[in-house]
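I have placed the structure first, in the form of structure tokens, so that the comments after it can refer back to it.
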Amino acid sequence: MMAHGQSGEMIQKYQYKTHLKNEMKSLPTYNGSIKKRLIFIIMSVTLLTALIGYGSFVYWYMQNQYEQKIELSKTVSLILAQDFAKLILLNDVSAAADISDSLKSFSTLESMVLYKLDKKPILQYSKDGKSLNPESLPEIVLDKLFLDGNILKLYSATMYKNSKLGTVKYEFQVQTLFDVIKKNLSVVIIILSLMFLISYFLTLYFAKKFTNPILNLVKFLEKIELKNSYKKRIQTKEKNEYGILYEEVNQMLQRIEDSHNVLKIAAVTFETQNGITITDKNQKILLVNKAFTKITGYEASEVKGLSPKILQSGLHDKNFYDEMKKSLKEKNIWVGEITNKHKDGTIVNEHLTIQSILDNKGEVIYYVASFLDITLQKEMEFKLKEKESQLIQKSKMAAMGEMLENIAHQWRQPLSVISAAASGVLLKKSLELEIDEKEHIESLEKITNTVQYMSNTINDFRDFFKNDKYVTFFNLKNSYERVLGLIGSKLKSIDIELIENLNDVNISGIENEFIQVLMNIISNAKDALNECENRKLLFVDIFKESSNAVIIIKDNAGGIPKELIDKVFEPYFTTKGNEGTGIGLHMSKDIIDNHMNGNLSVENEKYTFEGTEYIGAKFIIKLPISKK
């Protein structure tokens with residue numbers, strides 16, 4: 001018992017862990033700490049944000065610097081427009097000196113060259129006073145920036161009173177991208193460092209706050225064990241996604257607990273007295289239980305991977321197995337009795353149930369067969385049938401003895417009539433008296449009629465003992481009158497009064513069996529009334545009640561003792577001592593209840609008849625009425 005309990009527990013643990021793995025299988029898996037990953041992600045986002053911000057600032061700074069130079073060139077051109085006109089139109093040399101003096105006030109202007117319309121330089125300016133050796137004006141697009149290192153070149157038209165006089169080339173000194181970064185590098189480093197520190201501590205705080213619920217959940221799940229802990233539920237005050245996660249985990253645990261309970265029941269059920277076989281869709285054996293080995297003689301290792309056909313006895317034809325397959329295909333179940341063969345060759349009778357297990361698409365994935373050894377039951381049924389046949393035969397023999405007694409009693413008077421008629425004729429013949437022809441014929445007719453009556457009695461006797469097992473449609477009133485034809489004279493001989501209320505009611509059944517029931521009940525009533533010294537009454541009623549035919553047989557013999565009334569239908573129970581067989585009423589109960597689908601019962605009844613109160617046994621037969 002200990003080993004069995006331990007193995008059962010191991011099976012349950014395996015099934016439980018497998019189920020838990022299946023529940024968790026759909027969840028994504030990650031390597032490393034979630035907290036570290038969260039810190040890394042936040043710090044990376046912070047750095048990326050800072051770089052993007054600084055890059056945006058540098059871009060804005062450079063663009064702003066270029067725009068300022070364009071505006072500066074426009075300002076210079078506007079301020080010096082008159083001087084440019086003097087120099088170009090009037091060739092005023094003093095204007096060139098004025099222009100150079102004015103340009104010195106623009107610190108970022110490195111050089112300037114003024115071209116006439118013929119694209120030849122007329123004036124040049126250099127911040128450091130060096131000669132530029134300017135070239136002819138190239139083909140360019142006005143007001144477009146050209147960057148050469150840290151020198152920004154810009155060509156602009158010289159206008160005077162809406163007339164173009166020439167073109168000015170400006171070269172401004174600007175800060176390059178590297179200059180901007182180098183200039184602000186220390187500030188950038190300080191700002192980024194502060195951002196990193198602040199971000200790191202904020203990240204630690206929020207990472208802890210965000211990961212603690214998950215870590216608590218992980219610790220809770222790690223503590224789950226098979227026996228008790230899986231019944232626990234995790235509690236939380238969170239109203240966000242963590243609350244939803246906790247609720248889902250609790251629901252998962254509830255499903256696991258329910259499945260575990262089902263598995264416990266299944267584990268116990270699997271090791272019952274019923275043999276269980278589980279096969280795949282190709283009917284290859286996957287698993288059997290201990291009862292399978294006990295019933296078939298085969299160990300699990302001997303049949304695994306084989307077909308259940310190894311158990312076939314050869315006593316069933318192809319049609320039997322075709323019907324089985326048809327039922328499994330159409331109804332996914334087959335239930336019936338089958339005769340299989342034990343490993344040692346002996347025949348085993350089984351009650352078998354086969355169930356198809358389907359997947360979500362309705363396709364068969366397994367077959368589960370459960371069978372019970374009913375060999376002993378079949379043997380007992382056979383013996384019971386033999387015993388029943390013996391009881392019936394014994395009952396008939398007892399009835400035959402009583403019938404012979406009844407026939408002998410009924411034949412006394414007819415034999416006396418025959419004897420008297422024959423003796424009268426013989427006497428007159430011996431005395432040589434004249435025999436009247438009419439009287440002679442009357443005597444012969446009397447003898448003939450009496451013999452016919454006796455012949456009818458023999459026919460009734462023969463019909464009663466016919467082994468007729470065919471179901472027919474018969475009249476209850478006629479059946480009762482046939483019974484009276486057999487035992488009526490015996491009832492009259494002990495002064496039994498019959499009070500009858502007979503209606504024509506037809507039912508279907510085996511009439512001879514029903515007649516035997518009436519014979520048994522009336523004979524028992526006759527025996528009980530025979531001991532009465534007062535008036536002897538026997539009531540017989542036949543009538544319809546709803547969809548049933550009802551037959552009531554009641555006497556006034558004082559009833560059946562209370563301590564015995566529940567035993568009257570038991571086999572071999574009798575109150576007549578050696579004179580009774582104890583099987584008549586038992587057989588009657590079996591015929592009415594099992595053969596005719598009715599009900600036979602008995603009770604004591606106190607009633608009044610013709611002003612006198614009586615007590616007697618009341619037998620009630622109820623039979624379903626069948627349409628012809």
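For this structure, a couple of remarks:
- Where labels lie 7 Å past Cα in the beta-carbon direction, separation of E613 and S493 in nm: 3.6
- Annotation for region 309-357 versus region 523-546: alpha-carbon center distance of 53 Å.
- Efficiency of FRET between Q452 and Q273 - r from beta-carbon atoms, R0 60 angstrom, step 0.05: 0.35
- Gain on full stretching of the segment that runs from F206 to R37 - 0.36 nm per residue minus C-alpha separation: 59.6 nm
- Tail weight of P(r) past 22 Å, computed on alpha-carbon pairs of region 272-373, percent: 25
- Peptides ranked, highest mean first, by Cβ atoms within 10 Å: ranges 78-86, 191-199: 78-86, 191-199
- Qualifying aspartates and glutamates (Cα of each under 15 Å from Cα of K161; at least 8 residues distant if same chain): D83
- Annotation: peptides 517-526, 42-51, ranked by per-residue average of other Cβ atoms within 10 Å with the highest first, follow the order 517-526, 42-51.
- Full-extension gain in nm, E500 to H595, via 0.36 nm per residue minus C-alpha separation: 31.6 nm
- For region 181-221 and region 110-166, distance of Cα centres in Å: 54
- Pairs spanning more than 26 Å between alpha-carbon atoms, out of K74/K104; K309/K361; K343/K378: K309/K361.
- Rounded to the nearest whole Hz, the Karplus-based 3J(HN,Hα) values (6.51 cos²θ - 1.76 cosθ + 1.60, θ = phi - 60°) of region 512-525 follow the sequence 4, 5, 5, 4, 4, 4, 4, 4, 5, 5, 5, 5, 5, 5, with x at glycine and proline.
- Whether region 328-392 is rounded, prolate or oblate, judged on the alpha carbon gyration tensor where a/c under 1.5 counts as rounded: prolate
- Reciprocal mean inverse distance between Cα atoms of region 468-628 - Kirkwood radius, Å: 16.2
- Efficiency of FRET between Q254 and L194 - r from beta-carbon atoms, R0 45 angstrom, step 0.05: 0.35
- The aspartates and glutamates whose alpha-carbon is closer than 16 Å to the alpha-carbon of K492, local same-chain residues fewer than 8 away aside, are E402, E405, E481, E500, D527, E531, E533, D555.
- Highest to lowest packing among 583-591, 171-179, scored as the average C-beta count within 10 Å: 583-591, 171-179
None of the figures in this text is laboratory data; all of them are computed from the coordinates on show. Just so we're clear, the structure is a prediction, and the values are computed from it rather than from any experiment. Methodologically, a virtual Cβ is constructed for each residue, glycine included, from the backbone with ideal geometry; neighbour enumeration extends over all protein chains shown.
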